[in-house]
Amino acid sequence: MDPDIIITVIAALAIAVGLTGIIIPVLPGSILIIAALLGWALGMQSTAAWWTFGVGAVLALAGLLASAVLTGRRLKQREVPNTSVLAGVVVGVVGMFVIPVVGLIVGFVAGLLLSEFIRRRSLPAAWSASYAALKAMGLGILVELGLAFAAGSVFAGGIWWHFSSR
């Protein structure tokens, strides 16, 4: 079998895993996509592959940074500290093992709400801040996912370009 096809299939699978990692934030999705694009470019050693890596990596990196900036700005506006988010992450990881499939999300929400309740001493205020934090994180995930899909589309175009110009 042609090594170019094997490398392309492996890179495509890694990009698919990266997209999943953005939706289910356990894997570093955008970083995995950038690594897959780099691996493909190194394996192909063509102009098409290197252009694909450059454009795709810029898109994935822009998504990663935009997600962090948007989420951070919204959390700062609502005065939700990083310790509350960290508490959500810790309880989410525990929840992942306690409740199959949805434990990460349920645990994150519960940990965030509990941390904010302890900090604010008011359930309505804690819920309001937690809800704002969840919306901010959801928006960040959507932006990152959209740009990651764009990087995946660039990869698809790069595959066509590479194989049609051999």
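The values are calculated or read from the model by the stated rules, or taken from the named source; none is laboratory data. None of the values given here were measured: they were computed from a predicted structure. Positions of Cβ are backbone-derived with ideal geometry, glycine not excepted, and every protein chain shown enters the neighbour counts. The accessibility values were calculated without ligands, DNA or RNA, using every heavy atom of the protein model including side chains. Shrake-Rupley method; radii C 1.70, N 1.55, O 1.52, S 1.80 Å.
Structural remarks
- Pick from the stretch 1-33, criterion within 19 Å of Ala66 (Cα to Cα) and without any contact (Cβ under 8 Å) to a residue 60 or more places away in the chain, ranking: surrounded by the most Cβ atoms within 10 Å (Cβ to Cβ): Leu32
- Within the stretch 44-79, tally of residues that are closer than 25 Å to Lys135 by Cα, open to solvent by 50 Å² or more (accessible area, probe 1.4 Å) and among the β-branched types (Val, Ile, Thr): 1
- Condition broken by Ile6, with the remaining ones in (1) within 22 Å of Glu144 (Cβ to Cβ); (2) assigned to a helix (DSSP H, G or I); (3) not polar (S, T, N, Q) satisfied: (1)
- Checking each residue in the stretch 80-110 for being open to solvent by 70 Å² or more (accessible area, probe 1.4 Å) and closer than 16 Å to Ser128 by Cβ picks out no residue at all.
- Screening Gly152 with (1) under 30 Å from Val9 (Cβ atoms); (2) open to solvent by 50 Å² or more (accessible area, probe 1.4 Å); (3) in contact (Cβ under 8 Å) with a residue 24 or more places away in the chain gives one miss only, at (2).
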